[in-house]
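These notes are about the structure you will find just below.
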Amino acid sequence: MADLLLYFVENGVKLTNQYGDIDENFYTSLENTYSNALNLIAKNGLLEKFQNRANRIITETENIGWGFHDYLEDIYYQYYE
């Protein structure tokens, strides 16, 4: 399940980087999914296994506006120091 949730976010980020900004609902959906994924990962003791992948998403959002990168980064640092 965590793999699918992150896959959804990864593809949303890829789509945005390839075609440009989308609307607020799109980003909100990705933010909620990313948060749900990390919550599920933490509950199942899999943080170490998914850390590189979760961090890669943050790196790939650096040039995306609307506070999207900042929000995902905040979520990331709730789980990873």
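Read-outs throughout are calculated quantities, based only on the coordinates presented, and are distinct from any laboratory measurement. Remember, predicted model here, so these are calculated numbers, not experimental data. FYI the Cβ positions are ideal-geometry reconstructions off the backbone, even for glycines, and counts take in every protein chain you see.
Cβ crowding within 10 Å ranks Ile75, Ile58 as Ile58, Ile75, fewest other Cβ atoms first. For Cα Rg over 2.2 N^0.38 Å, which listed value, (1) 2.30; (2) 1.00; (3) 1.16, comes from the coordinates shown? For Cα Rg over 2.2 N^0.38 Å, the calculated option is (2).
In a Gaussian network model over the chain where Cα atoms closer than 10 Å are linked, find which of Asn36, Asn25, Asn55 has the largest mean-square fluctuation. Of Asn36, Asn25, Asn55, the Gaussian network model singles out Asn25 as fluctuating most.
Placing R0 at 41 angstrom, the Cβ-Cβ distance between Tyr19 and Lys49 gives a FRET efficiency of 0.85 after rounding to 0.05. Compared with the dominant Cα axis of the chain, that is its longest principal axis, helix 68-79 is turned about 10°.
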